[in-house]
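Encoded as structure tokens, the structure appears first; notes follow it.
The values are calculated or read from the model by the stated rules, or taken from the named source; none is laboratory data. Every value quoted in this text rests on a predicted model; they were computed, and no experiment measured them. Because the Cβ atoms are built from the backbone with ideal geometry, glycine has one as well, and the counts that use them run over all protein chains shown.
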Amino acid sequence: MHVTSSAPPQSAEGNLLHYARQLPSDKATKEDLFADGPTVIIPASDSHNGDSPSSMTIAESIALARDHLDHPFVLNAAEEFGEDDDDASDDSQLSNVVPDYVFGFDIDGVLLRGGNVIPEAREALRILNGENEDGIKVPYIFLTNGGGKTENERCLDLSRQLDVAVSPDQFICGHTPMSEMAVQYSTVLVVGGEGEKCRVVAENYGFRDVVTPGDLIKWKPSVCPFRKLTDDEYKNSRERDFSDVNIEAIFVFADSRDWAADAQIILELLMSENGRMGTVSSTFQEGPPIFFAHNDVVWSTAYDLTRYGMGALRIMIEALYKESTGKTIDVTSYGKPSKATFDYATRVLRQWRKDLFDDASPPRTVYFVGDTPESDIRGSNEYDEHSESDWYSILVETGVYEPGTEPRYKPRKTVKNVLEAVKFGMERERQKRLRTPPDGCASCVSTYILRRNPG
Ligand SMILES: [Mg+2]
């Protein structure tokens with residue numbers, strides 16, 4: 001494991017609460033990423049100078065909050081012994097003014113496009129990390145429908161691309177809330193993504209028996225007559241007799257790499273008796289449930305025009321099911337704009353505020369920056385209707401949305417790119433502060449002590 005100069009935990013329980021591992025983005029290995037505990041990927045340049053980078057604080061503190069959210073019993077035990085308070089007061093090397101607003105970012109079409117960094121993205125994140133005239137650090141999370149990799153791997157990619165410290169716990173992917181279903185279903189089919197990656201994601205979430213379309217094609221190549229597994233796919237797919245296996249649920253984790261084969265298998269299972277291959281239900285009411293990580297019909301790539309995505313596969317499955325059975329299939333989609341994804345984000349942000357400020361209330365305003373009106377803007381606007389926070393939707397022109405057209409779901413603000421979005425949100429907050437009477441200022445912007453690695 002390549003851990004930087006940050007002090008490793010000395011006593012397992014107490015320090016687990018306050019320290020995140022720092023892995024340099026140029027040295028972190030896959031094995032490092034799968035180790036337990038809060039982790040932050042730091043840019044290679046920061047790891048070489050030996051100092052804790054100033055941008056660490058946001059990534060690290062959210063990493064710790066997410067760890068507490070996942071392991072509440074550890075936090076409670078420490079609070080009982082008063083460890084939490086001691087550390088907050090002793091570890092006061094860094095004082096900061098922390099605003100009660102946060103940013104949420106979609107990734108594709110906002111920070112990256114076709115795998116390349118959108119030029120303004122680096123400066124936007126640098127500003128949030130404290131390079132602004134007030135010297136304040138503004139927390140941010142990433143809410144992406146993209147998937148097919150673990151949150152840890154996406155974090156490593158993003159840290160390398162944007163040259164900024166990022167924690168996997170700042171990531172909420174479309175499939176992240178699916179982890180909560182690992183206890184409910186035993187044998188599941190996981191569809192989409194490259195190679196074995198989605199099987200790894202699902203197993204990492206705790207799913208006990210994960211089947212892929214490759215396993216089924218290896219069992220009987222005639223399941224998909226036009227699909228031939230590559231040598232690698234054949235080697236990685238698991239040998240098994242599926243004639244007596246019931247598949248209890250279908251999860252589409254990431255975009256299908258082969259719609260024809262995946263659709264063939266999904267439809268057979270949906271129409272089967274209890275998810276068993278080779279059977280056909282007489283009622284078409286016995287098949288397993290199907291869950292999609294998101295519902296984006298199109299997405300933006302390096303190509304000039306948008307491309308079809310997971311939502312389009314969902315439409316195709318629904319149409320073919322209706323054509324074959326005369327019935328309508330129930331599907332569940334996660335990701336933006338689904339409430340489940342925004343709820344999860346809110347839980348992470350609340351825990352973060354509780355850890356740092358001992359205040360479990362949600363942030364006052366969440367500026368949510370996205371490029372897709374149908375998922376980002378719709379999701380943010382709908383969530384705003386019943387959220388305690390003000391979810392303020394900002395549409396950028398660097399992705400799916402075509403500038404000059406009328407978006408189907410209206411953002412509260414449209415800007416050219418992510419840098420303009422950040423500047424707009426911060427200026428709006430600044431104006432709010434200026435309008436707030438002196439007594440109110442204390443509640444609008446408070447001074448807090450941010451915990452920090454002693455380095
Ligand atoms: Mg997008």
Which number in (1) more than 16 Å from the ligand (Cβ to nearest atom); (2) modelled with pLDDT under 85; (3) not basic (Lys, Arg) marks the one condition that GLY206 misses?
(2)
Test GLY109 against the criterion of being surrounded by 21 or more Cβ atoms within 10 Å (Cβ to Cβ), in contact with a His (Cβ under 9 Å, 6 or more places away or on another chain), over 30 Å from ASN246 (Cβ atoms) and of a type outside the set (Ser, Thr, Tyr), and give yes or no.
no
Looking at ASP304, ASP296, which is the one that is at pLDDT below 95 and under 23 Å from the mean Cα position of the chain (by Cα)?
ASP296
Return the only residue of ALA319, ALA261, ALA312 being under 27 Å from the mean Cα position of the chain (by Cα) and either modelled with pLDDT of 95 or more or assigned to a loop (DSSP other than H, G, I, E, B) (or both).
ALA312
Output the number of residues of the range 131-166 satisfying the condition of being assigned to a loop (DSSP other than H, G, I, E, B), touching a helix residue (DSSP H, G or I) at 6+ places or on another chain (Cβ under 6 Å) and within 15 Å of PHE103 (Cα to Cα).
3
Is it the case that the range 218-234 has a residue that's among the small types (Gly, Ala, Ser), at negative phi, modelled with pLDDT under 95 and surrounded by fewer than 24 Cβ atoms within 10 Å (Cβ to Cβ)?
no
Kindly provide the set of residues from the range 129-148 that are away from the ligand (no atom under 16 Å from the Cβ) and not β-branched (Val, Ile, Thr), ordered by number.
ASN129, GLY130, GLU131, ASN132, GLU133, ASP134, GLY135, LYS137, PRO139
What single numbered condition from (1) in a loop (DSSP other than H, G, I, E, B); (2) free of Cβ contacts under 8 Å to residues at least 40 places away in the same chain fails to hold for GLY193?
(2)
I'd like the full set of residues that are in a helix (DSSP H, G or I), touching a residue at least 24 places away in the same chain (Cβ under 8 Å) and over 15 Å from LYS149 (Cβ atoms), limited to the range 171-183.
PRO177, MET181
Check whether at least one residue in the range 382-397 is modelled with pLDDT under 95, under 27 Å from TYR344 (Cβ atoms), more than 16 Å from the ligand (Cβ to nearest atom) and exposed (fewer than 13 other Cβ atoms within 10 Å of the Cβ), and report yes or no.
yes
SER361: free of Cβ contacts under 8 Å to residues at least 60 places away in the same chain, farther than 30 Å from GLN285 by Cα and more than 16 Å from the ligand (Cβ to nearest atom), yes or no?
yes
For the range 264-309, how many residues are within 13 Å of the ligand (Cβ to nearest atom), assigned to a loop (DSSP other than H, G, I, E, B) and among the charged types (D, E, K, R)?
1
